[in-house]
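Have a look at the structure below, then the notes.
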Amino acid sequence: MTGVRTRTLDCGGGMPAFLAAPDDGAKAPAVIVVHERYGLVRHTCDLAERFARDGFVAIAPDLYFKHPDQHALHRGDAGCDVSDPDALIALGSAIDALNAVPQVDRSRLAIMGICQTGRLPLVVAASHPISAALVWYGAAQPREWAVNSKYPRPLDEIIAAVNCPVLGMFGETDHLISIEDIRRLRDCLERHGKSYNVHVYRDAPHGWLNDTMPGRYRPAQAEAAWATQRAFLQQVLAPGYDRSTRMQYYTADIAVDYDFARNVRHE
């Protein structure tokens, strides 16, 4: 297993970020890990370190660093959010910070968004050249399709402009995102001719990757999904990857008597 070096840095404008990198110093692909609704917490840093052990330079910027009560935010007792345009600026700063790291292979960049930030890899991919968009149980709620000051560009238009393969990871028992919501996202990706790899995992509630929340965490599903993500990235970041080939995969493990109304929030 690859050793890891970590440090914190400033992406500009006062936005801090956690950086994790393989300790061998060799050129490596990069990934931006965008935190979920709790801000930059230990779980997000753990994911960055896990990416580094897999051979990536990973940066986790704190998009919510301006929130006045960080402790309440990290506990989930307060909320924070940024608009797509503001997030695009912040993530542009994170990309600039990554590009200043000599170890980074600038031609191979993936972005991971989780839950509330799940749409952001798509938002960036519609405006900047990246290699892969990793969407974990986000970008599929009905509210994501609305057009307002927070989401000024329609999601359908964003997806139409995405120019990289998309990985989608979802849970069958998610209380926020229904199977129909996931299919709507999948259908939009297909309608616009995008390469996608979308998976629905059985008995996985919202937040099932987060091992700091025992009620939500599903270790078997999380490990299987991480292995699938690793294989996906190995494929699409390979030097010889043929971008003229369209790959479209949808796999779903769903109970015969699935009923979204029965899905509940887990802590």
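The values are calculated or read from the model by the stated rules, or taken from the named source; none is laboratory data. Quantities reported herein were computed from a predicted structural model and do not represent experimental measurements. All Cβ positions, glycine included, derive from the backbone under ideal geometry; neighbour counts span all protein chains shown. Just the protein is used for accessible areas: all its heavy atoms, side chains included, with ligands, DNA and RNA removed. Shrake-Rupley method; radii C 1.70, N 1.55, O 1.52, S 1.80 Å.
Quick one: which residue in Gly193, Gly207 is open to solvent by less than 30 Å² (accessible area, probe 1.4 Å), in contact (Cβ under 8 Å) with a residue 40 or more places away in the chain and over 18 Å from the mean Cα position of the chain (by Cα)? It is Gly193. Residues that are of a type in the set (Asp, Glu) and either assigned to a strand (DSSP E or B) or closer than 26 Å to Val236 by Cα (or both) were ranked within region 74-107; the one that is most open to solvent (accessible area, probe 1.4 Å) is Asp96. Please indicate, with yes or no, whether at least one residue in region 79-98 is free of Cβ contacts under 8 Å to residues at least 12 places away in the same chain and more than 15 Å from the chain's Cα centre (by Cα). Among the residues of region 79-98, at least one is free of Cβ contacts under 8 Å to residues at least 12 places away in the same chain and more than 15 Å from the chain's Cα centre (by Cα), which makes the answer yes.
Filtering Ala30, Ala21, Ala48 for residues that are free of Cβ contacts under 8 Å to residues at least 60 places away in the same chain and not hydroxyl-bearing (Ser, Thr, Tyr) leaves a single hit, Ala48. Pairing each residue of region 241-263 that is free of Cβ contacts under 8 Å to residues at least 60 places away in the same chain with any residue that is outside any strand (DSSP E or B) and surrounded by 11 or more Cβ atoms within 10 Å (Cβ to Cβ), provided the two are 6+ apart or on different chains, yields C-beta distances under 7 Å for Tyr241/Gln235; Arg246/Ser195; Gln248/Glu190; Gln248/Ser195. For Leu185, are the conditions met, namely being touching a strand residue (DSSP E or B) at 6+ places or on another chain (Cβ under 7 Å) and more than 22 Å from Ala58 (Cα to Cα)? When the stated conditions are applied, Leu185 passes them.
Residue-level check: of (1) closer than 16 Å to Leu88 by Cβ; (2) in contact (Cβ under 8 Å) with a residue 60 or more places away in the chain; (3) open to solvent by 10 Å² or more (accessible area, probe 1.4 Å), Pro154 misses just (2). Against the criterion of being touching a Leu at 6+ places or on another chain (Cβ under 7 Å), at pLDDT 95 or above and either closer than 25 Å to Asp54 by Cβ or surrounded by 15 or more Cβ atoms within 10 Å (Cβ to Cβ) (or both), Val200 does not qualify. Return yes when Asp69 is touching a His at 6+ places or on another chain (Cβ under 9 Å) and either closer than 21 Å to Pro16 by Cα or open to solvent by 50 Å² or more (accessible area, probe 1.4 Å) (or both) and no when it is not. When the stated conditions are applied, Asp69 does not pass them.
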